[in-house]
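Down below is the structure, laid out as structure tokens.
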Amino acid sequence: EKEESPVTRKAERFRVENEEKRWMRIQKVHSLQSEGYSISAIAKQLHLSRGTIYADLEQSQKPSHKRSSSFDRFHPFIRILLQQNQTGDQIEKACRSSGYNGSRSTLNKMIAEERKNKNVNTERLHLRQKILKIIWDFKNMDHQSRFEKLHHQLLGTYPEVSKLDELVSAFRDLFRNKDLDGLKEWINEYENNRSSFIQSFIRGIKKDQKAVSSSIKEPWSNGIVEGHVNRLKTIKRMMYGRAGFQVLKNRVLYQW
């Protein structure tokens, strides 16, 4: 990855220094007002206009002089990719496939900013779990409004969430409606999805398409069998090293 040029680094230092100076001035204005000074007296003492004093009094936190960019929406995406130990080239490929059309140097700067800020808010991890919970909730299908309530910028920043929600719902409908003919259409529609996980899932369906088709068509399920297997494993773990096969057999056969 390319390093930032000396000019870029100097501009960044200049911006940070200006933010610090302005924040010190804002704190001074608040301090003088709390001591009982009037707006005119503060303006005269600090050699500032009354408009500046009013503006500073409305400021309650440290200001940022950093210019907003149309690429700001990629910051959370880059942060997630860095958590996955992705390289700069991998991050560039993922961002460009998501609509990034800026230069590599701009992207490198964004990556460097996210690397400096490694203390990621764990709220994002909680948000991920909430998103999955909504996607897999088939009783309350008002998913779009629930996504909006979760975070008003969620779908705008991550449009893939809506696409994933549609994919899961469409797959679920195949089984609910016993739509065997729809399986092929579903595969054709989503097999070119850029997600490697979805592509892997569809490849698995293709390899065992006969069994998948049967599970859509037939009313039978191996859920009961899997449940008993899980129960048997749980009992084995509970008595591991303390009893033999006969006790295990008795506990399975005579639990009722």
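The values are calculated or read from the model by the stated rules, or taken from the named source; none is laboratory data. Because the structure is predicted, anything quoted here is derived from the model rather than measured. Here the Cβ positions follow ideal geometry from the backbone for every residue, glycine too, while neighbour counts run over all protein chains shown. Remember, those area values only see protein heavy atoms, side chains included, never the ligands or the DNA or RNA. Shrake-Rupley method; radii C 1.70, N 1.55, O 1.52, S 1.80 Å.
Return the only residue of Ser70, Ser40 being hydroxyl-bearing (Ser, Thr, Tyr) and part of a loop (DSSP other than H, G, I, E, B).
Details: Ser40 fails: part of a loop (DSSP other than H, G, I, E, B).
After ruling out the rest, the residue left standing is Ser70.
Check Ser169, Ser200 and return the single one that is within 25 Å of Ile134 (Cα to Cα), of a type in the set (Gly, Ala, Ser), open to solvent by less than 90 Å² (accessible area, probe 1.4 Å) and at pLDDT 90 or above.
Values: Ser200 fails: at pLDDT 90 or above.
Exactly one of Ser169, Ser200 is within 25 Å of Ile134 (Cα to Cα), of a type in the set (Gly, Ala, Ser), open to solvent by less than 90 Å² (accessible area, probe 1.4 Å) and at pLDDT 90 or above, namely Ser169.
Just give me the residues in the stretch 76-101 being in contact with a helix residue (DSSP H, G or I) (Cβ under 8 Å, 6 or more places away or on another chain), over 15 Å from Ala112 (Cα atoms) and not in a helix (DSSP H, G or I), in sequence order.
Correct list: Ser98, Tyr100.
Of the numbered conditions (1) farther than 30 Å from Lys178 by Cα; (2) in contact with a Lys or Arg (Cβ under 9 Å, 6 or more places away or on another chain); (3) part of a loop (DSSP other than H, G, I, E, B), Pro219 satisfies every one except a single condition; which is it?
(1)
Is it the case, given these coordinates, that Lys184 is open to solvent by 100 Å² or more (accessible area, probe 1.4 Å), over 35 Å from the mean Cα position of the chain (by Cα) and either charged (D, E, K, R) or at pLDDT 85 or above (or both)?
When the stated conditions are applied, Lys184 does not pass them.
Which number in (1) assigned by the TED database to the domain that holds Ile131; (2) open to solvent by less than 60 Å² (accessible area, probe 1.4 Å); (3) in a helix (DSSP H, G or I); (4) at pLDDT below 90 marks the one condition that Asn193 misses?
Single failed check for Asn193: (3).
Kindly establish whether Arg242 is touching a residue at least 40 places away in the same chain (Cβ under 8 Å) and out of contact with any Leu (no Cβ under 9 Å at 6 or more places or on another chain).
So Arg242 fails the test.
Of the numbered conditions (1) open to solvent by 50 Å² or more (accessible area, probe 1.4 Å); (2) of a type in the set (Phe, Trp, Tyr); (3) modelled with pLDDT under 85, Tyr54 satisfies every one except a single condition; which is it?
Of (1) open to solvent by 50 Å² or more (accessible area, probe 1.4 Å); (2) of a type in the set (Phe, Trp, Tyr); (3) modelled with pLDDT under 85, only one is false for Tyr54: (3).
What helices (runs of 4 or more DSSP H) completely inside the stretch 130-179 contain at least 1 residues that are of a type in the set (Phe, Trp, Tyr)?
Once the helices (runs of 4 or more DSSP H) in the stretch 130-179 are filtered for at least 1 residues that are of a type in the set (Phe, Trp, Tyr), what remains is 143-150, 160-176.
Can you list residue pairs whose Cβ atoms sit under 6 Å apart, with the first residue in the stretch 191-219 being of a type in the set (Asp, Glu) and the second being at pLDDT 90 or above and surrounded by 11 or more Cβ atoms within 10 Å (Cβ to Cβ)? Count only pairs 6 or more apart in sequence or on different chains.
Matching pairs, first to second residue: Glu191/Ile202.
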